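Here's the structure we're looking at; comments come further down.
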Amino acid sequence: MEDQIKGRLGGADGYDIRCVIDGDTIKGRAGGKLHGKDIELEITERGVQGTVGAESVKIELTEGELRGNVGSQKLTLRGVDRVTGFMGEPIVGWNIVAQQQGENLQGQLGSTILGRPFELKLGSAPGWVGALVAVVAFYALEPRASLSR
């Protein structure tokens, strides 16, 4: 089964996200040809692992939450259709909130003022997969999302 996740992170001045889901594999790109990063993720029995650009992604399901790292940043996600979480450290980090309505996912990374909204078409993917793709793209393309690198 092949499905697509596509949409935009950051509104008009943001980035396109385009991924294909084939079974348990998610492959695609965030951003354009000149300023973009490839995304390759695999959903495993224990969580999600893969890469975004040259950075690794390793997240495991623990006590009902996905916990791990996207590159140098800690990540926690919870929920399926309504997804909440946090990326980074408690003082320098980004809240994550997203809501799925049918095939559409709308969300926000960070605060309303300094953060980045995102909208994705998920196909048949659950909301948590779209939220994870948005977080990975945000980490890869926003310099301020990876302050400790």
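The values are calculated or read from the model by the stated rules, or taken from the named source; none is laboratory data. Small disclaimer: the values here were computed from a predicted structure and weren't measured. No Cβ is skipped: glycine too gets one built from the backbone with ideal geometry, and neighbour counts run over all protein chains shown. Quick note on the areas: whole protein, heavy atoms, side chains included, nothing else; ligands and nucleic acids left out. Shrake-Rupley method; radii C 1.70, N 1.55, O 1.52, S 1.80 Å.
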Give me the dipole magnitude in Debye, nearest 20, for the chain about the Cα centre, with unit charges on the beta carbon: positive for Lys and Arg, negative for Asp and Glu.
460
With springs connecting C-alpha atoms under 10 Å apart, model the chain as a Gaussian network and identify which of 131, 12, 54 has the largest mean-square fluctuation.
12
Accessible carbon and sulfur surface of the chain relative to its total accessible area, %, 1.4 Å
52
Short version: ³J(HN,Hα) in whole Hz for each residue of region 80-91, in order, from phi by Karplus 6.51 cos²θ - 1.76 cosθ + 1.60 (θ = phi - 60°), x for Gly and Pro, what are they?
10, 8, 10, 10, 10, x, 8, 10, x, 9, x, 8
Euclidean distance of C-alpha centroids, region 1-46 and region 93-118, integer Å
16
Sorting 102, 62, 118 by the position of each Cα along the dipole of the chain (Lys, Arg +1; Asp, Glu -1; all at Cβ), the one nearest the positive end of that ordering is 118
Relative contact order (%) - criterion: Cα under 8 Å, at least six apart; region: the chain:
20
Using a 1.4 Å probe, what is the accessible area per residue for the chain, in Å²?
53
Test of understanding: what is the full-extension gain from residue 33 to residue 104, defined as 0.36 nm times their sequence separation minus their Cα-Cα distance?
23.0 nm
